[in-house]
Amino acid sequence: MSAERVNVGIVGGGLMGREIAAAIQRWPALIDHPVRPVLTGVADINPAALDWFDQIPTVTTKVTDYRELLADPDIDVVYIAVRHDLHEQMYIDTVRAGKDLLAEKPFGIDQAAADAVLAAIDETGSFVRVSSEMPFFPGAQAAISLVQS
């Protein structure tokens, strides 16, 4: 089986950004998976946070403005790993840029923000996957219910 290459960009070079970068590097361990993600770009407002990604040879783009990453035609999927209060705008910008989105919960900081993100997804038809790192944490269940309703 020949896996399709999917170029990934990460917004947020902190702990969660580094965690997903490490997970992407382990992806070849999956057998017969239809896609092969390749980390090619990273954005973080702190230039020093980008230095860690120098050890990944496939990372060819490092920027301090996430919108530059969204404008890159070679990026297929964006993983956003930033503070919760930044999710709404970045998620909307990502799907409106025509990118698929790997998102962390919550979609937005409140119901209005979640509704705005869902409306943008409906408009664009982008593929969106929301991760729940702590599914048994009571606050996580409330956030999942909010997004699903």
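The values are calculated or read from the model by the stated rules, or taken from the named source; none is laboratory data. Quick caveat, the model's predicted, so the values are computed rather than measured. With ideal geometry, Cβ positions are generated from the backbone for all residues, glycine too; neighbour counts draw on all protein chains shown. Just so you know, the surface numbers come from the protein's heavy atoms only, side chains and all, with ligands and any DNA or RNA stripped out. Shrake-Rupley method; radii C 1.70, N 1.55, O 1.52, S 1.80 Å.
In this structure, is Val8 assigned to a loop (DSSP other than H, G, I, E, B), under 11 Å from the mean Cα position of the chain (by Cα), touching a residue at least 12 places away in the same chain (Cβ under 8 Å) and within 22 Å of Val130 (Cβ to Cβ)? Considered against the rule, which asks whether it is assigned to a loop (DSSP other than H, G, I, E, B), under 11 Å from the mean Cα position of the chain (by Cα), touching a residue at least 12 places away in the same chain (Cβ under 8 Å) and within 22 Å of Val130 (Cβ to Cβ), Val8 comes out as no. Against the list (1) open to solvent by less than 40 Å² (accessible area, probe 1.4 Å); (2) closer than 25 Å to Phe107 by Cβ; (3) at pLDDT 95 or above, the condition Arg67 fails is (1). Looking across segment 70-92, the residues that are surrounded by fewer than 18 Cβ atoms within 10 Å (Cβ to Cβ), under 17 Å from Ile45 (Cβ atoms) and modelled with pLDDT of 95 or more come down to Ala71, Gln89.
Check off (1) touching a Lys or Arg at 6+ places or on another chain (Cβ under 6 Å); (2) modelled with pLDDT of 95 or more for Ala3 and give me the number that stays unchecked. Status for Ala3: all satisfied but (2).
The set of residues in segment 1-15 being open to solvent by 70 Å² or more (accessible area, probe 1.4 Å) and more than 20 Å from Asp100 (Cβ to Cβ) consists of Met1, Ser2, Leu15. Scanning segment 43-64 for residues that are in a loop (DSSP other than H, G, I, E, B) and either open to solvent by 60 Å² or more (accessible area, probe 1.4 Å) or more than 30 Å from Ala112 (Cα to Cα) (or both) yields a total of 8.
Which one is surrounded by the fewest Cβ atoms within 10 Å (Cβ to Cβ) among residues in segment 16-42 that are assigned to a helix (DSSP H, G or I) and among the aliphatic types (A, V, I, L, M)? Give the derivation first.
Within segment 16-42, the subset assigned to a helix (DSSP H, G or I) is 16-29.
Subsequent filtering for residues that are among the aliphatic types (A, V, I, L, M) retains 16, 20-24, 29.
Working: Met16: 17, Ile20: 21, Ala21: 22, Ala22: 11, Ala23: 12, Ile24: 19, Ala29: 7.
Among residues in segment 16-42 that are assigned to a helix (DSSP H, G or I) and among the aliphatic types (A, V, I, L, M), the one surrounded by the fewest Cβ atoms within 10 Å (Cβ to Cβ) is Ala29.
Evaluated against (1) in a loop (DSSP other than H, G, I, E, B); (2) touching a residue at least 60 places away in the same chain (Cβ under 8 Å), Ser2 falls short on exactly one condition, (2).
Which residue is modelled with the lowest pLDDT, if the candidates are limited to segment 101-117 and must be assigned to a strand (DSSP E or B) and buried (at least 22 other Cβ atoms within 10 Å of the Cβ)? Step through it out loud before you land on a result.
Here is the first cut: in segment 101-117, the ones assigned to a strand (DSSP E or B) are 101-104.
Filter again for buried (at least 22 other Cβ atoms within 10 Å of the Cβ), leaving 101, 103.
Details: Leu101: 93, Ala103: 86.
Ranking the candidates gives Ala103 first.
Regarding segment 84-92, can at least one residue be identified that is within 20 Å of Ile20 (Cβ to Cβ), in contact (Cβ under 8 Å) with a residue 40 or more places away in the chain and not polar (S, T, N, Q)? Yes: segment 84-92 contains one or more residues that are within 20 Å of Ile20 (Cβ to Cβ), in contact (Cβ under 8 Å) with a residue 40 or more places away in the chain and not polar (S, T, N, Q).
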